[in-house]
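One structure is given here, and the rest of the page talks about it.
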Amino acid sequence: MSDAIRLLPDAIANQIAAGEVIQRPASVVKELLENALDAGANNIQLLLKDAGRTLIQISDNGSGMSPTDARMCFEKHATSKITSADDLFCLHTLGFRGEALASIAAIAHVELRTRRAEDELGTKIIIEGSHFKSQENCSCPIGTTLMVKNLFYNVPARRKFLKTNNAELRHINEEFQRVAMVHPQVQFSMTHNDKILYQLKGTHLKQRLAHIIGTAKYEEKLIPIEEGTDAVRISGYIGKPEYARKKRGEQYFFANQRFIKHPYFNHAVEQAYKELIPDSAYPSYFIFLEVAPEDIDVNIHPTKVEVNFADKQLIYAVLAAAVKKAVGQFSVAPTIDFSPESNANFLFPKDKVPQTPKIHINPDYNPFEQQAAQERQLQAKHNLEHWERAYQPSNTTTAPSMPSPHEETKTDLFLSDLNTASHQAQDDKQAHFIQIGKQYIATTTKSALLLIHQQHADERILYEGFLNKYEHKSIQSQQLMFPVNIKLNADEIAVIKELLQEIEQFGFRIDFMGQHTMVVNAAPTDVKESQIPQVFDELIADFARGQDLRQDAKIAFAKSMARRSAIKTGQALSQEEMEQLVNALFACQVSDISIRGEQIWKAVDFPSIETIFKA
Ligand code: ADP
Ligand code: MG
């Protein structure tokens with residue numbers, strides 16, 4: 001019998017790899033903009049035809065490439081930016097896997113023109129679907145121009161997955177704006193089908209924001225924010241409370257010069273605005289976080305915008321304090337807290353030397369391997385145990401010699417405490433949970449009484465569960481005995497169709513009947529059948545409210561399913577159910593703030609108990 005295994009030809013391997021990096025025209029735009037910036041350009045021009053389907057062209061005045069480099073740059077793992085795996089953990093340039101150009105060249109017709117300052121002639125290279133066509137000398141300006149034509153011409157499945165030109169252009173616009181915000185000193189332009197959409201001169205951040213948002217007098221609406229601690233440096237601008245918007249949208253976090261999404265930090269900001277703006281309004285913000293590269297969970301997947309921080313609770317506190325301080329200094333609102341407490345430095349007790357928090361980086365971490373949910377749970381447990389060890393009550397013999405600021409957050413203290421309590425619960429199987437008013441679960445830790453809001457807790461647990469399983473494509477779905485029909489108008493149907501991929505990844509199977517009916521044939525097992533119409537109602541409503549980012553839709557959908565399916569206030573719970581709930585809660589990434597932004601649990605500590613008796 002002949003052998004069955006063959007190596008894939010490079011062209012096909014590249015095409016497959018391309019799927020990781022290049023999902024849509026906007027991914028190409030992002031990679032090429034970042035390359036131009038890495039090359040030191042201060043003038044970058046983007047030209048698009050048909051939302052990038054037909055043409056994406058980027059010209060820069062950066063370093064350019066030698067003839068050899070010009071040829072090399074399309075090879076897989078060709079990069080001038082890293083030489084060892086260690087570099088991955090302290091990288092300051094933007095793209096860094098040496099994969100973008102190889103990927104793009106695998107799925108498009110590519111033409112490169114490039115020249116270095118020291119060369120008289122430039123180089124022109126043509127590559128189509130990884131096949132090298134030609135290389136010749138040419139005369140061209142210093143810098144690089146890359147034309148990417150007919151994207152996905154050889155990947156029909158990808159091409160079919162693309163949305164309308166408007167939707168694709170919106171994605172490109174997002175990427176463009178994010179990059180332009182981080183580099184205000186660089187001149188950018190963007191032209192689509194011969195129409196100039198942006199012409200941004202090099203300037204300072206505030207004016208750049210105004211130019212991008214494009215409304216008159218925008219600069220007047222911004223307040224600077226500035227805060228420096230050992231753990232994080234914060235800068236940027238936030239919107240004055242009176243200009244808070246009805247739509248979420250002008251909300252941007254950047255971590256070490258990269259756009260990120262961070263619902264937890266978003267909560268910190270919104271919380272700080274809470275008393276200043278109506279519930280229905282959202283503050284605008286453009287906040288830049290700088291942390292030591294080793295304190296950020298380096299996400300070597302370039303298309304991801306989620307990142308993890310070594311000490312997000314500390315950053316949360318610094319951020320909330322910084323926002324309050326900024327608003328306080330620029331506003332006449334009397335409600336602002338001017339006390340020294342609002343200064344972030346209170347986090348560091350005077351007699352202790354703050355240490356920079358560290359995370360453990362796993363050098364074997366492979367971003368392409370799906371991380372199992374259990375592994376995360378284990379990690380959560382490990383975290384709890386770690387805290388428990390770090391915080392020993394003062395009467396034990398092994399007091400930690402050098403307390404770190406990490407220990408100063410209350411959550412940590414209670415968590416470490418609680419962990420001990422739940423171990424005890426396992427040991428002697430006695431009633432450790434009491435339900436109060438069919439609404440709260442009471443349990444004790446070594447030094448406090450813990451009150452947990454059952455509905456908020458379960459919503460948080462389900463929400464994180466849905467997102468987790470979504471990421472790992474492991475949602476259990478169940479065929480419905482009676483398919484659920486939902487009547488929708490044409491716009492609503494369009495929304496559902498635009499989000500179909502995400503919806504299916506959440507475990508729904510959907511058909512359409514006629515012009516106005518969607519039929520749900522299967523649903524995730526955790527979602528009650530009777531709640532399905534509401535879940536879609538909410539998804540459509542959120543989307544209409546301006547949550548048009550795919551990412552937001554995913555989060556909104558997970559929230560909606562969690563809200564609809566969670567244990568409700570008024571539901572009686574058994575010992576086991578309460579124990580499960582509490583354990584699952586503290587295995588969550590965020591265990592103290594509900595998906596509605598409220599406190600999930602409160603601890604009544606020993607001093608507070610004493611006050612009750614003294615009063
Ligand atoms: P990476 O950016 O991760 O190194 P890419 O595939 O995006 O990988 O680019 C490969 C290499 O090509 C880069 O490391 C750089 O040396 C070179 N390069 C790409 N774009 C440009 C550009 N616009 N100007 C100069 N050099 C470039
Ligand atoms: Mg790159």
Hey, Glu504 within 25 Å of Val590 (Cβ to Cβ) and without any contact (Cβ under 8 Å) to a residue 40 or more places away in the chain or not:
no
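Test Ser80 against the stated conditions and say whether it is within 10 Å of ligand 1 (Cβ to nearest atom), at pLDDT 95 or above and out of contact with any strand residue (DSSP E or B) (no Cβ under 6 Å at 6 or more places or on another chain).
Working: within 10 Å of ligand 1 (Cβ to nearest atom): yes; at pLDDT 95 or above: no; out of contact with any strand residue (DSSP E or B) (no Cβ under 6 Å at 6 or more places or on another chain): yes.
It is false that Ser80 is within 10 Å of ligand 1 (Cβ to nearest atom), at pLDDT 95 or above and out of contact with any strand residue (DSSP E or B) (no Cβ under 6 Å at 6 or more places or on another chain).
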Let me spell it out: the conditions are (1) in a helix (DSSP H, G or I); (2) crowded, with 23+ Cβ neighbours inside 10 Å; (3) within 11 Å of ligand 1 (Cβ to nearest atom), and Ala70 meets all of them except one. Which number is the exception?
(2)
Within the range 127-144, can you find the residues that are more than 16 Å from ligand 2 (Cβ to nearest atom) and under 33 Å from the mean Cα position of the chain (by Cα)?
Gly129, Ser130
Hits in the range 105-136 - residues which are modelled with pLDDT of 95 or more and either near ligand 1 (Cβ under 8 Å from one of its atoms) or on the phi > 0 side of the Ramachandran plot (or both):
Thr114
Suppose we filter Ala51, Ala26 for residues that are under 20 Å from the mean Cα position of the chain (by Cα), open to solvent by less than 30 Å² (accessible area, probe 1.4 Å) and away from ligand 1 (no atom under 12 Å from the Cβ); which single one remains?
Ala26
Quick count over the range 1-52, residues being assigned to a loop (DSSP other than H, G, I, E, B) and touching a Leu at 6+ places or on another chain (Cβ under 9 Å), is 2
Pairing a residue in the range 101-130 that is within 12 Å of Pro141 (Cα to Cα) and open to solvent by less than 10 Å² (accessible area, probe 1.4 Å) with any residue that is at pLDDT below 95 and not hydroxyl-bearing (Ser, Thr, Tyr), where Cβ atoms lie under 6 Å and the two sit 6 or more apart in sequence or on different chains, gives none
Which members of the range 472-499 meet the condition of being over 19 Å from Gln534 (Cβ atoms) and surrounded by fewer than 16 Cβ atoms within 10 Å (Cβ to Cβ)?
His472, Lys473, Ser474, Gln476, Gln479, Met481, Ala490, Ala494, Lys497
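Looking only at the range 568-602, count how many residues are open to solvent by 30 Å² or more (accessible area, probe 1.4 Å) and outside any helix (DSSP H, G or I). Can you show your working first?
Of the residues in the range 568-602, the ones open to solvent by 30 Å² or more (accessible area, probe 1.4 Å) are 568-572, 574-577, 579-580, 583-584, 589, 596, 598-599, 602.
Remaining after also requiring outside any helix (DSSP H, G or I): 568-572, 574, 589, 596, 598-599, 602.
Adding up the residues that qualify gives 11.
For the range 98-126, name all the residues that are part of a strand (DSSP E or B), within 16 Å of ligand 2 (Cβ to nearest atom) and of a type in the set (A, V, I, L, M).
Step one: list which residues in the range 98-126 are part of a strand (DSSP E or B), which gives 109-115, 122-126.
Retained after the next criterion (residues that are within 16 Å of ligand 2 (Cβ to nearest atom)): 110, 112, 114.
Within the range 98-126, Val110, Leu112 meet the criteria.
Look at the range 137-156 and say how many of its residues are among the basic types (Lys, Arg) and modelled with pLDDT under 95. Spell out how you get there, then give the answer.
From the range 137-156, those among the basic types (Lys, Arg) are 149; that's our starting set.
Filter once more, so that each one left must be modelled with pLDDT under 95: none.
Number of matching residues: 0.
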Hey, does the range 182-198 have a residue that's modelled with pLDDT under 95, among the β-branched types (Val, Ile, Thr) and either assigned to a strand (DSSP E or B) or open to solvent by 50 Å² or more (accessible area, probe 1.4 Å) (or both)?
yes
Got at least one residue in the range 519-542 being outside any loop (DSSP other than H, G, I, E, B), modelled with pLDDT under 80 and open to solvent by less than 50 Å² (accessible area, probe 1.4 Å)?
yes
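The values are calculated or read from the model by the stated rules, or taken from the named source; none is laboratory data. Since the structure is predicted, the reported quantities are computational estimates derived from the model, not experimental observations. Backbone-built Cβ (ideal geometry, glycine too); neighbour counts: all protein chains shown. Heavy atoms of the whole protein, side chains included, go into the accessibility calculation; ligands, DNA and RNA do not. Shrake-Rupley method; radii C 1.70, N 1.55, O 1.52, S 1.80 Å.
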